[in-house]
Amino acid sequence: MQFQQLQYFVAVAETRHFTRAADLVHVAQPSLSQQIKALERELGADLFLRARGNITLTDAGEALLPLARRILADADTARHEVQELVQLRRGRVRLGATPSLCTGLLPDVLRAFHDRYPGIRLLIEEGGSHDLVRELARGALDLALVVLPLPTPSPALTTVELLREDLVVVSSPDAPRPGGGRRTVRVADLEGERLVMFRHGYDLRELTVTACRAAGFEPDFAVEGGEMDAVLGFVRAGLGVAVVPRMVATRSGRGLRVTPLAPPGLHRTIALAHRSDVAPPRAARELQRMLLER
């Protein structure tokens, strides 16, 4: 008994027509008929009652059908499981993240993932949440780390909250302490401070500007338009202060003074997002698990 014969048998049983069954399994009808006859000889029983325009299962055919379906289903499961394992030995994961998360959260997780799955290529795309959502929607990314709430909520995306991160104020140790030298500062204390500000479309820019306006003042920019590394470099050079995630400040603390924000402070919520209509590849799901369990 051959696996291919069972495929042909199930196709005929489901279509009740030899020609349509041959089309279904992409084989010539005479070849399909020959394989069915060979299977019947092997089993020693007719599987179909063949009448003009009317194909029905015999008792033997009725007995074989659920067993054949189960064998085919088990074969599909085995193929799928092997492919899943192969995907963890070689393949790729396309991950999008904001630059601050590439600096703060990702290095340790990606190192652990690479140590466990050295054959998986990691393709990282940095961008703001708006850009990353667009790339997810068009299938250019498997996963993305984004800041909630999304700039444009999308029912086509599934998001899982990953962490809630405090923001802090960083300044040069050679410059006066922001907020008059207190251990913590309020957002209102940033009035009159020169801010080093991120480019437009950067989540931290929108959050900081919104918080300043809610505190009753318009922020004063010393420099604007940079990415995370540039902003930190400008702060180290004494051009102004910046509001950044605590994780980034901790990792990049050399040459920076870190001042916490007084309660209630400022926070941002990081989520892991993927398309709702397409399951991420196995390797991407494994990275997702490691991020959620970090």
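The values are calculated or read from the model by the stated rules, or taken from the named source; none is laboratory data. Note that the coordinates shown come from a computational prediction; the quantities given were computed from them, not determined experimentally. Don't worry about glycine lacking a Cβ; one is built from the backbone with ideal geometry, like all the others, and counts go over all protein chains shown. Ligands, DNA and RNA are stripped out before the accessible areas are found, and what is left, the full protein with its side chains, is counted by its heavy atoms. Shrake-Rupley method; radii C 1.70, N 1.55, O 1.52, S 1.80 Å.
Of all residues in the stretch 55-76, those satisfying the criterion of being in contact (Cβ under 8 Å) with a residue 24 or more places away in the chain and in a helix (DSSP H, G or I) are G61, L64, L65, A68, R69, I71, L72, A75.
Within the stretch 148-164, which residues are at pLDDT 90 or above and either of a type in the set (A, V, I, L, M) or surrounded by 11 or more Cβ atoms within 10 Å (Cβ to Cβ) (or both)?
Here is the first cut: in the stretch 148-164, the residues at pLDDT 90 or above are 158-164.
Correct list: T158, T159, V160, E161, L162, L163.
Checking L105, L47 one by one, the residue that is hydrophobic (A, V, I, L, M, F, W, C) and within 35 Å of the chain's Cα centre (by Cα) is L105 and no other.
Pairs are defined by a Cβ separation below 7 Å, a sequence spacing of at least 6 or placement on different chains, a first member in the stretch 102-116 that is under 15 Å from L163 (Cα atoms), and a second member that is charged (D, E, K, R) and surrounded by fewer than 21 Cβ atoms within 10 Å (Cβ to Cβ); the pairs so defined are C102/E126; G104/R251; V109/R294.
As for the stretch 169-181, it holds no residue that is within 19 Å of the chain's Cα centre (by Cα) and buried (at least 20 other Cβ atoms within 10 Å of the Cβ).
Here L143 meets each of (1) at pLDDT 90 or above; (2) open to solvent by 30 Å² or more (accessible area, probe 1.4 Å) with one exception, condition (2).
Listed by position, the strands (runs of 3 or more DSSP E) enclosed by the stretch 187-294 that each have at least 1 residues that are touching a residue at least 40 places away in the same chain (Cβ under 8 Å) and open to solvent by less than 50 Å² (accessible area, probe 1.4 Å) are 194-198, 242-245, 257-260, 267-275.
Any residue at all in the stretch 52-61 that's in contact with a Leu (Cβ under 8 Å, 6 or more places away or on another chain), aliphatic (A, V, I, L, M), open to solvent by 80 Å² or more (accessible area, probe 1.4 Å) and over 30 Å from Y117 (Cβ atoms)? Among the residues of the stretch 52-61, not one is in contact with a Leu (Cβ under 8 Å, 6 or more places away or on another chain), aliphatic (A, V, I, L, M), open to solvent by 80 Å² or more (accessible area, probe 1.4 Å) and over 30 Å from Y117 (Cβ atoms), which makes the answer no. Applying a threshold of 8 Å to beta carbon distances and a minimum spacing of six or more residues, or different chains, the list of pairs starting in the stretch 121-141 at a residue that is more than 11 Å from L95 (Cα to Cα) and of a type outside the set (K, R) and ending at one that is part of a strand (DSSP E or B) and open to solvent by 10 Å² or more (accessible area, probe 1.4 Å) reads S129/V147; V133/L157; A137/L157; A137/R275; G139/R275. Look at the stretch 26-51: where a residue is charged (D, E, K, R) and a partner is in a loop (DSSP other than H, G, I, E, B) and open to solvent by 50 Å² or more (accessible area, probe 1.4 Å), sitting 6+ places away or on another chain with Cβ atoms under 7 Å, you get E40/D46; E42/M1. When the criteria are applied in full, A38 fails the requirement of being at pLDDT below 90, part of a helix (DSSP H, G or I), open to solvent by less than 80 Å² (accessible area, probe 1.4 Å) and aliphatic (A, V, I, L, M).
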